[in-house]
Amino acid sequence: MSDARDQIFRAIVEALDRNRNLGGTLSSSEARSSYADTTPPRPGWDIPMQQRFLDKLDAAAASWEILESSEDITAAVHAYLQRQGLPAAVRVAEHPLLEALRWPEDLTVTPGTAHQGLDVGLSVADAAMAETGTLILCSGPESPTSLVFLPDHHLVVLPQDRLMPYMEDVWGLLRERPDFPPRSVNYVTGPSRTADVEQTMQLGAHGPRSLHVLLVP
Amino acid sequence: MPTDRALGRRGKAMQISPQEFKPQARAALKDATLQQALGRAKVGFTEKRRKGVEHFDDFEALRERGRRIRDHALNHMDEYLERLESMVQAAGGQVHWARDDAEARDIILGLCQQRQARRVTKSKSMITEEIALNPALERAGMDVVETDLGEYIIQLAKEPPSHIIGPAIHKTRQQISELFDTYHHQGALKAKLREIPELVTEAREVLRDKFLSADVGITGANFLVAETGSIVLVTNEGNADLTHTLPGMHISVAGIDKVVPTLEDATTLLRLLGRSATGQEMSCYTTFVTGPRRTDDPDGPEEFHLVLLDNGRSRMLSGPYRDMLRCIRCAACMNHCPVYGAIGGHAYGWVYPGPMGSVLTPLFVGLENARDLPHACTLNGRCATVCPVKIPLPDLLRQLRSDQFRQDIVDRRTRLGLRVWGYLARQPRLYSLATRVGSRLLRILGGRRGRLSRLPLAGGWTSGRDFPAPQGARFRDQWKKRQQQRRQA
């Protein structure tokens, strides 16, 4: 096995040296600073960042509501289930923000990972970006990855101070985490979809059919 | 270089090969169902990309940055691969190196057997097509399930993908309805034409059980991030995430060319990838996976393995085809290629179709085994214009043509023709005489219609369309006149 590694590295180094000896005529040997010192080209907007985020959520076929307090999460979840005609049950990530809530008696709330046939999962996003209307969820004890992909409906709480303009800003925020990088950093933009049958967009391919965002202060 | 086994691919693919490009292309042009599917695909992809790019202020600057990132990463590939390896290991993952397709298959098969795998789920990956992984796992008795909907459809049809991001683009809804009838209902439905939501839901339910019962999940990687040892997975369906999260072992297979320095570099490339591929600013799911499940994680695989494949890439790094290694597999080149649009992907005969495939296939399987591919191009240049990392695809195809000539793998007629033309071109007077006689003759033969339906030595052209007879004065006469006029003025 190490033979293969050594041989591949030898071949790469040899190839690179040969190119360097050619005076870099094929593609010049650029330093990373030749591009990395400037801000990358990226989309701009002239509306408030939150508005951009909400517009992009709409464009990605996600739904959203703005709550006045995180205490309103329970009522919002309850109302969502009723609107969608779903059973009064929800699988909840073991996140301190959700654990601090007082859930109504008539709602079955189970903490933990997702399972086969799960209707509704509730998570808390670690960040979001206005650029594309994307939620960012990091795997860990407070956020099972299966909860992002197995339920039919995924509800995500987003504390508003976690909303960033661009993906680069998200990396800045996530790098501060002591556990960075977690096993899985999931960028989620709208519900699951496919266009594999005759190029026609269809929601609900393998992941959730609906994505609902609850913005809290 | 891939072995014969890799070239002899699954099912129907056994019969097709890059050597047979011409007859395969001819058959594709006559296939009414294929033409119906291609007609739809062509408009769809180019229109989506156009809209995606339109909404970006300075897409050209983004392309330039993408090119620089990829060039820089290739120029320092050794350093970044070392960093990648150590970061994957630090996160608790294992890195395996494979010189060729056979070595990669053996490594992956060994890992699956070690896990006593009975069922393996896969997320769409062109590199596992390149190494012909599925037949190897199946021969060892494993149930291999493709989970991307398009890839699942063609797995049922026992065909290879015909497009690198839309593998089942050549299939119509009627054909998909028939396949699902056969495999999900044992023919009980009598294959009526079904609606798209119904088909998608049915596949979702069938594949859900597979996801939950898989022992190993295999994915490719859109990028490898040296900084953190992360692999990047881009999907719209979410199948890659169910593939790497639910089973006990996650194996990711990637070419050594996929490495980029930092998360920020991957970010710029993601902005290019989505827009160039499907016109999306961001795919539904973009995931950065680093190592296996952590001690206090509630889910995720216990083992993470990254298989890094060379298979001729280090060789490409040193020669004139190095620019090709910048490729991020977005498929914009094939979506904008008139040749691909007319014949689809299967005619190219190997894993990678379209312009990028016409460059890659001869480099992977040998120029002598893919002699028609460098010519499957009109040199219209659209592929180079849309390429997100500015690969000069037409130049590379031209380079392959001259390599072919130099390596003496051009047929005798072409060689003779080129020699005659070369001789004429070096005798200005003779050349002038020949073109004068030639163009007059063609004009007479063209008659009042101004077109020729048959022409000696050009049967290849006239069997498909008329040859337009020359009209007006020759270029060199017009040029002479123009120069004279200019002098007088």
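Report, in whole Å, the centroid distance computed from the Cα atoms of region B:242-276 and region A:150-201. Taking the Cα centre of region A:150-201 as reference, the centre of region B:242-276 is 15 Å away. Residue-wise HN-Hα couplings along region B:197-210, as the Karplus relation 6.51 cos²θ - 1.76 cosθ + 1.60 with θ = phi - 60° gives them from phi, are x, 5, 5, 5, 5, 5, 5, 4, 5, 4, 6, 4, 4, 5 Hz; Gly and Pro carry x. For region A:65-110 versus region B:451-469, the inter-centroid distance based on Cα atoms is 73 Å. Taking amide H as placed 1.01 Å from N in the peptide plane, B:GLN94 has its amide H under 5 Å from the amide H of B:PHE304, B:HIS305, B:LEU306, each at least 5 places away in sequence or on another chain. Cysteine residues of chain B whose Cβ has no partner cysteine Cβ closer than 4.7 Å: B:CYS112, B:CYS284, B:CYS327, B:CYS330, B:CYS337, B:CYS377, B:CYS387.
Please report the antiparallel percentage of the DSSP beta bridges confined to the protein assembly as shown, to the nearest 5. Taking every DSSP beta bridge with both residues in the protein assembly as shown, the antiparallel ones total about 35 percent. Legend: ranking of residues A:GLU168, A:GLU105 from fewest to most surrounding C-beta atoms inside 10 Å; resulting order A:GLU105, A:GLU168. Here the dipole of region A:48-216 is about 280 debye; that uses its Cα centre as origin and unit charges on the Cβ of Lys and Arg (positive) and Asp and Glu (negative).
Database remark: amide H of A:ALA127 closer than 5 angstrom to the amide H of A:ILE136 (H placed geometrically; neighbours at sequence offset of 5 or more, or on other chains; Pro and chain starts carry no H). Candidates A:LEU158, A:GLN202, A:TRP171 compared by Cα position along the dipole of region A:145-217: farthest toward the positive end lies A:LEU158, with charges placed on Cβ.
Just in region B:156-222: which GluC sites (Glu not before Pro) are loop by DSSP and have at most 13 other Cβ atoms within 10 Å? Display every interim value, and only then the final one.
Working: sites: B:GLU178, B:GLU195, B:GLU198, B:GLU202, B:GLU205; in loops: B:GLU195.
When the GluC sites (Glu not before Pro) of region B:156-222 are filtered for loop state and at most 13 Cβ neighbours within 10 Å, B:GLU195 remain.
Computed across the protein assembly as shown, the Kirkwood hydrodynamic radius from all distinct Cα-Cα pairs reaches 27.2 Å.
Could you sort the peptides B:444-450, A:36-42, A:6-12 by per-residue average Cβ neighbour count (10 Å cutoff), highest mean leading?
Values: B:444-450: 11.3, A:36-42: 14.1, A:6-12: 17.0.
Packing proxy ranking, top to bottom: A:6-12, A:36-42, B:444-450.
Placing +1 on each Lys and Arg Cβ and -1 on each Asp and Glu Cβ, with no other charges, gives the protein assembly as shown a dipole about its Cα centre of roughly 6400 debye. Evaluating 6.51 cos²θ - 1.76 cosθ + 1.60 at θ = phi - 60° for every residue in region A:54-64, the Karplus couplings come out as 5, 4, 6, 4, 4, 4, 8, 6, 9, 10, 7 Hz, glycine and proline recorded as x.
Once you've got the Cα coordinates, tell me which of B:LYS22/B:LYS258; B:LYS171/B:LYS210; B:LYS48/B:LYS390; B:LYS51/B:LYS122 are over 27 Å apart. Could the numbers behind the result be given before it?
Working: B:LYS22/B:LYS258 32 Å; B:LYS171/B:LYS210 23 Å; B:LYS48/B:LYS390 19 Å; B:LYS51/B:LYS122 31 Å.
Violating the 27 Å Cα-Cα cut-off are B:LYS22/B:LYS258; B:LYS51/B:LYS122.
Note the direction-averaged projected area, equal to a quarter of the hull surface, for the Cα convex hull of chain A, in nm².
For the Cα atoms of chain A, the hull's average projected area reads 18.0 nm².
Every helix of 4 or more DSSP H residues in the protein assembly as shown counts as -39500 (n - 2.57), and over all residues that averages to -13500 deg cm²/dmol at 222 nm.
Treating the beta-carbon of each Lys and Arg as +1 and of each Asp and Glu as -1, no other charges, what is the dipole magnitude of region B:431-488 about its Cα centre, to the nearest 20 debye? Provide the component values of the computation, followed by the final result.
On the way: 15 positive and 2 negative charges, 71 e Å.
Computed about the Cα centre, the dipole is about 340 debye.
Spatial offset of region B:177-203 relative to region B:285-347 amounts to 31 Å, using the alpha carbon center of each. Structural descriptor for chain A: relative contact order 22 percent, calculated from alpha carbon pairs under 8 angstrom and at least 6 residues apart.
Give me the percent of DSSP beta bridges within region A:48-216 that run antiparallel, rounded to the nearest 5.
Values: 10 of 34 bridges.
If I count the DSSP bridges inside region A:48-216, around 30 percent turn out antiparallel.
When the Gaussian network model of chain A links Cα atoms closer than 10 Å, the mean-square fluctuations of A:GLU99, A:GLU176, A:GLU198 top out at A:GLU198. Amide hydrogen proximity for B:ARG119: with H placed 1.01 Å from N in the peptide plane, the residues at 5 or more positions away or on another chain lying under 5 Å are B:ASP143, B:ASP215, B:VAL216. Projecting the Cα atoms of B:TYR423, B:PRO23, B:PRO167 onto the charge dipole of chain B, computed from C-beta unit charges around the Cα centre, puts B:TYR423 farthest toward the positive end. Sorted on the mean count of surrounding Cβ atoms within 10 Å across their residues, most packed first, peptides B:96-109, B:50-63 read B:96-109, B:50-63. For the peptide B:293-303, the mean number of other protein chain Cβ atoms found within 10 angstrom of a residue's Cβ is 6. In sequence order, region B:478-489 has phi-based couplings of 4, 4, 4, 4, 4, 4, 4, 4, 5, 4, 5, 6 Hz under the Karplus curve 6.51 cos²θ - 1.76 cosθ + 1.60, θ = phi - 60°, and Gly or Pro positions carry x. Sparse packing (at most 16 other Cβ atoms within 10 Å of the Cβ) combined with a DSSP loop state is found for the following trypsin sites (Lys or Arg not before Pro) in region A:72-172: A:ARG102.
How shielded is B:165-172 by partner chains, expressed as the average number of their Cβ atoms within 10 Å of its Cβ atoms?
Numbers: counts 2, 3, 1, 3, 4, 0, 3, 2.
Per residue, the average neighbour count from other chains is 2.
Selection among A:ALA31, B:MET142, A:VAL109 by position relative to the dipole of the protein assembly as shown gives A:ALA31 as farthest towards the positive end (Cβ unit charges, Cα centre).
When only Cα pairs under 8 Å and 6 or more residues apart are kept, what is the percent relative contact order across region B:431-488? Don't skip to the answer; put the middle values down first.
Working: 40 pairs, mean separation 17.4, N = 58.
Relative CO of region B:431-488 lands at 30 percent.
No value in this document is a laboratory result; all are computed from the given coordinates. Just so it is clear, the model here is predicted, and its values are computed rather than measured. Neighbour counts are summed over all protein chains in view; Cβ atoms, including those assigned to glycine, are modelled from backbone coordinates with ideal geometry.
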